[in-house]
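Before any comments, here is the structure.
The values are calculated or read from the model by the stated rules, or taken from the named source; none is laboratory data. All of these numbers come straight from a predicted model, not from anything done at the bench. Methodologically, a virtual Cβ is constructed for each residue, glycine included, from the backbone with ideal geometry; neighbour enumeration extends over all protein chains shown. In case anyone asks, the SASA skips ligands and DNA or RNA and just uses the protein heavy atoms, side chains included. Shrake-Rupley method; radii C 1.70, N 1.55, O 1.52, S 1.80 Å.
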Amino acid sequence: MENRTAIKYFKLLLFSNNPADKWWTFSVFFLIYCLGIIINITIIMATYLERFLHTPLYLFLSNLSFVDICYTTIIIPKLLDMILSGNFTMSSMQCFTQMFFFITVASIEEILLFIMAYDRYVAICNPLHYHQILSWKNCTLITVGTWILSFLNSLLFTKSAAHMSFCGSNIIQQFFCDAKAMTKIACGDTEIFYAVLGIEVLFFGLVPFLCSLASYIKIISVILKIKSAEGRKKAFSTCSSHLTVLIMYYGTASSVYLKPSSDHSLTLEQVFTILYTNITPMLNPLVYSLRNKDVKASLKKLIKTNIAFKKSL
């Protein structure tokens, strides 16, 4: 008979437990967090203050920046506290609360990336009906619906994970309460969880990815039919930044969740997890700002306004 115990605390593992690495590890994660917050807040301010950026694409971009702030805030502050204190334990309540919010923002991000791909599809393939299809009313309903659906999905997912039984071990081989890592120490009552996980992967992973892929296949086919090279370049430039973000997100996520588990690849898995949960959210707004002339123009204006304000003080 399995030795099932009610676990009140979980112990998390960082890829380096050497006390000598404490300060550089703390510094790296603190720097990543600060840069991500500053960059994403700057993008939100730029899109809010500039009227010519008040379009559906930049509404979704602002939502994406906010979600990316949540991504890192859910994980890094607690991780920094654990690194400084040396206490890598979390209560089961804290652990499942972190999981709930992480799954929420992950679901929102996946849906937002698909919506932004659809936005580019409509803009290039059906431009005459763009403002009718993606009106402010429709965009607002889509945004609100995305958040509500993601919260409900995360609630179902977290409840099913919390009902799993754990056989003595309370060590999660990750630096946050990750569902994949928790399944390694589960020993019973996993049927409901894996059923919910299958639904999660299908509707919040595979379907948005395939829909985004289909949108870009159609977009590329339309762009290739444009006769002038300048026209093709201009059309592709309107969607290249989002395509880059899409590749980064799904590339790092698949490296974490589609790679077979192995005790020998723990460090590699945690490195990919850092890329997926911390580096990619920081790079997303940079990709948009560096590859988008409208965002760059808005950021330059915001910086000049800030400098002029400081000089007037």
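Condition check ((1) more than 27 Å from Gly198 (Cβ to Cβ); (2) modelled with pLDDT under 85; (3) hydrophobic (A, V, I, L, M, F, W, C); (4) part of a helix (DSSP H, G or I)) across all residues:
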{"residue": "Gly231", "(1), (2), (3), (4)": "yes, yes, no, yes"}
{"residue": "Ala235", "(1), (2), (3), (4)": "yes, yes, yes, yes"}
{"residue": "Met248", "(1), (2), (3), (4)": "no, no, yes, yes"}
{"residue": "Ser261", "(1), (2), (3), (4)": "no, yes, no, no"}
{"residue": "Pro281", "(1), (2), (3), (4)": "no, no, no, yes"}
{"residue": "Pro285", "(1), (2), (3), (4)": "yes, yes, no, yes"}
Filter the range 28-50 down to the residues that are free of Cβ contacts under 8 Å to residues at least 60 places away in the same chain and farther than 16 Å from Thr73 by Cα, then identify the one that is surrounded by the fewest Cβ atoms within 10 Å (Cβ to Cβ).
Tyr48
Over the range 107-134, the set of residues under 23 Å from the mean Cα position of the chain (by Cα) and free of Cβ contacts under 8 Å to residues at least 60 places away in the same chain is Ile108, Leu112, Ile115
Matching helices (runs of 4 or more DSSP H) fully within the range 104-195 where at least 3 residues are surrounded by 19 or more Cβ atoms within 10 Å (Cβ to Cβ)
136-162, 179-183
Meets criteria (over 21 Å from Gly205 (Cα atoms), hydrophobic (A, V, I, L, M, F, W, C), in a helix (DSSP H, G or I) and free of Cβ contacts under 8 Å to residues at least 60 places away in the same chain) for Phe272:
no
When Ser212 is evaluated against the numbered criteria (1) touching a helix residue (DSSP H, G or I) at 6+ places or on another chain (Cβ under 8 Å); (2) more than 23 Å from Thr104 (Cα to Cα), which criterion, by number, is the only one it fails?
(2)
Can you tell me which residues in the range 87-101 are part of a helix (DSSP H, G or I) and open to solvent by 10 Å² or more (accessible area, probe 1.4 Å)?
Ser92, Met93, Gln94, Phe96, Thr97, Gln98, Phe100, Phe101
Filter result (closer than 30 Å to Phe236 by Cβ and of a type in the set (Phe, Trp, Tyr)) within the range 125-175:
Tyr130, Trp136
Report, by residue number, each residue of the range 46-68 that is at pLDDT below 90 and farther than 13 Å from Cys139 by Cα.
Ala46, Thr47, Tyr48, Leu49, Glu50, Arg51, Phe52, Leu53
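Condition test on Gly205, is it over 18 Å from the mean Cα position of the chain (by Cα) and either open to solvent by 20 Å² or more (accessible area, probe 1.4 Å) or modelled with pLDDT of 85 or more (or both)? Please lay out each step first, then the result.
On the way: over 18 Å from the mean Cα position of the chain (by Cα): no; either open to solvent by 20 Å² or more (accessible area, probe 1.4 Å) or modelled with pLDDT of 85 or more (or both): yes.
Spelling it out, it is not the case that Gly205 is over 18 Å from the mean Cα position of the chain (by Cα) and either open to solvent by 20 Å² or more (accessible area, probe 1.4 Å) or modelled with pLDDT of 85 or more (or both).
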